[in-house]
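Here's the structure, in structure tokens; my notes come after.
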Amino acid sequence: MNQRDLQILRIAIPAIVTNITVPLLGLVDTAIVGHMGDAAYIGAIAVGSMIFSLVYWVFAFLRMGTSGMTAQARGRRDMEEIMRMLMRSLAVSLIIALIVIVLQYPLREMMLWLMSPTEDVRSLAVTYFNIVVWGAPAVLGLYSLSGWFIGMQNSRIMLAISMLQNVVNIIVSLLFVYGLGMKVEGVALGTVIAQYIGLLVAIAMWFHYYRRMLRWKASLLKDTMNDWLSFFRVNRDIFLRTLFLVAVNLYFTSAGARQGAVILAVNTLLIQLYLFLSYFTDGFAYAGEALGGKFWGADNMPAFHEVVKRLFVWGGVLVLLFTVVYVVGGMPFLCLLTDETQVVEASRGYVWWAYLMPLAGIAAFVWDGIFIGITATRGMLVSSCIAAGVFFMGVMGLMGIMGNHGLWLSMILYLATRGLIQTILYFRTYSMKH
């Protein structure tokens, strides 16, 4: 293990642990309402959480765009640009958060129309939404700060904040629900309070570690029109790319639902394996953002190419590890998630698709991190557009012949196409550039 591997792991490991702890916020809420005596409470939290996951996912460019441009500025040792990058991103995140709050009613109604919950679940989901929506400034502001911290190669801060948010959410939600007798309102308030505590702690940690940077007196007033155009050009590409990803994932879910409750349950369980893989691969993608962007910005191409090489070595390790884990433990894991005999038996015919996910998806994950680091966002957009086209054409051509197997084959082709297109773009456009 060389020095570059150690640099990668110092960023990847805290990011992986952070990714694993993030879903606990939703799990805690579900566990609390799961003991309220009515399944409608569980459904309301599931619907409400899904709405905000989709909405905030669309604005993930606030984190990704910030990390790449910050890493490049750090590589150039342009401290004033580093500060301006943070302020620029925070200003945009605040504007978007205010728009979400102002337009909360049409946003809520549109998302509930898309998800079509039963009336009892819908009324509780409305209550949950009406409270949690006020956490938008905290969530989106934390996106900007987390992207900046990653660009500065400090993923440990986000790990500490994520763990703190979970502790606060558990304590406050339990206090409101069991101490004050609240229901969904208590769970929602616990979530919002945890979000704002996370933001405040992130700001406090910024002052603790980086307050010396204030001497550059960076100001939004110093930003030129070109600075803003560059910022929006990068984030526009990431935003559009995210829309393609959301469309594929939404259609995958809806296509499973149209095949009946059992197939929907099978697909939902198998997707958990894919999400578990993504928690690890995203950690190495963050390392690609931070280190790749730093060396690209510093014009240190030998170091940049070494980072790319070592990231794919680690990617190969993950492919071997997760393929073995899925082959050996895939079905036992699914059996832990459900004891429904019909679902478990149906899963046996599809679980082998999970064995292909690490190999099909690893290149896309690694290249995403590298492309974000060098702000090659147009390449990400192009690859996602082409891959989404492959997915939808696959669904139309294969599901009628292969049923749910056709849906899964389309998903595997989608993942592999993203990685393949990015590989071609990198070697044809970016590897010899700069």
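The values are calculated or read from the model by the stated rules, or taken from the named source; none is laboratory data. Everything numeric here is computed off the predicted structure, so don't read it as measured data. Methodologically, a virtual Cβ is constructed for each residue, glycine included, from the backbone with ideal geometry; neighbour enumeration extends over all protein chains shown. The area values use the complete protein model at the heavy-atom level, side chains included, leaving out ligands, DNA and RNA. Shrake-Rupley method; radii C 1.70, N 1.55, O 1.52, S 1.80 Å.
List of remarks:
- Matching residues, the range 401-424, being open to solvent by 30 Å² or more (accessible area, probe 1.4 Å) and in contact with a Ser or Thr (Cβ under 7 Å, 6 or more places away or on another chain): Ile421
- Beta carbons closer than 8 Å, at least 6 apart along the sequence or on distinct chains, pair a first residue in the range 167-182 that is within 12 Å of Ile193 (Cβ to Cβ) with a second that is not in a helix (DSSP H, G or I) for Phe176/Met182.
- Residue check, Phe149 touching a helix residue (DSSP H, G or I) at 6+ places or on another chain (Cβ under 8 Å) and modelled with pLDDT of 90 or more: yes
- So Leu398, is it aliphatic (A, V, I, L, M) and either in a loop (DSSP other than H, G, I, E, B) or surrounded by fewer than 22 Cβ atoms within 10 Å (Cβ to Cβ) (or both): yes
- Any hit, the range 330-347, residues being among the β-branched types (Val, Ile, Thr) and under 22 Å from the mean Cα position of the chain (by Cα): no
- Evaluating Gly316 against the criteria (1) touching a helix residue (DSSP H, G or I) at 6+ places or on another chain (Cβ under 7 Å); (2) part of a helix (DSSP H, G or I); (3) in contact (Cβ under 8 Å) with a residue 12 or more places away in the chain leaves one unmet condition, (1).
- Among the criteria (1) part of a helix (DSSP H, G or I); (2) open to solvent by 10 Å² or more (accessible area, probe 1.4 Å); (3) farther than 25 Å from Arg156 by Cα; (4) at pLDDT below 90, the one Leu270 does not fulfil is (2).
- Ala265 being touching a residue at least 12 places away in the same chain (Cβ under 8 Å), hydrophobic (A, V, I, L, M, F, W, C) and open to solvent by less than 20 Å² (accessible area, probe 1.4 Å): no
- Scanning the range 94-139 for residues that are open to solvent by 40 Å² or more (accessible area, probe 1.4 Å), of a type outside the set (Ser, Thr, Tyr) and not in a helix (DSSP H, G or I) returns a single hit, Leu103.
- Residue in the range 80-88 that is part of a helix (DSSP H, G or I) and under 19 Å from Thr242 (Cβ atoms) present: no
- Sole exception among (1) farther than 30 Å from Phe149 by Cα; (2) open to solvent by less than 30 Å² (accessible area, probe 1.4 Å) for Leu381, by number: (1)
- Restricting Asp237, Asp282, Asp299 to residues that are touching a residue at least 24 places away in the same chain (Cβ under 8 Å), charged (D, E, K, R) and open to solvent by 70 Å² or more (accessible area, probe 1.4 Å) narrows the list to Asp299.
To keep it simple, each residue is scored yes or no on (1) at pLDDT below 85; (2) polar (S, T, N, Q); (3) buried (at least 22 other Cβ atoms within 10 Å of the Cβ).
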{"site": "Leu159", "(1), (2), (3)": "yes, no, no"}
{"site": "Asn166", "(1), (2), (3)": "yes, yes, no"}
{"site": "Val172", "(1), (2), (3)": "no, no, no"}
{"site": "Gly179", "(1), (2), (3)": "yes, no, no"}
{"site": "Lys183", "(1), (2), (3)": "yes, no, no"}
{"site": "Val192", "(1), (2), (3)": "no, no, no"}
{"site": "Gly198", "(1), (2), (3)": "no, no, yes"}
{"site": "Ile203", "(1), (2), (3)": "no, no, no"}
{"site": "Trp206", "(1), (2), (3)": "no, no, no"}
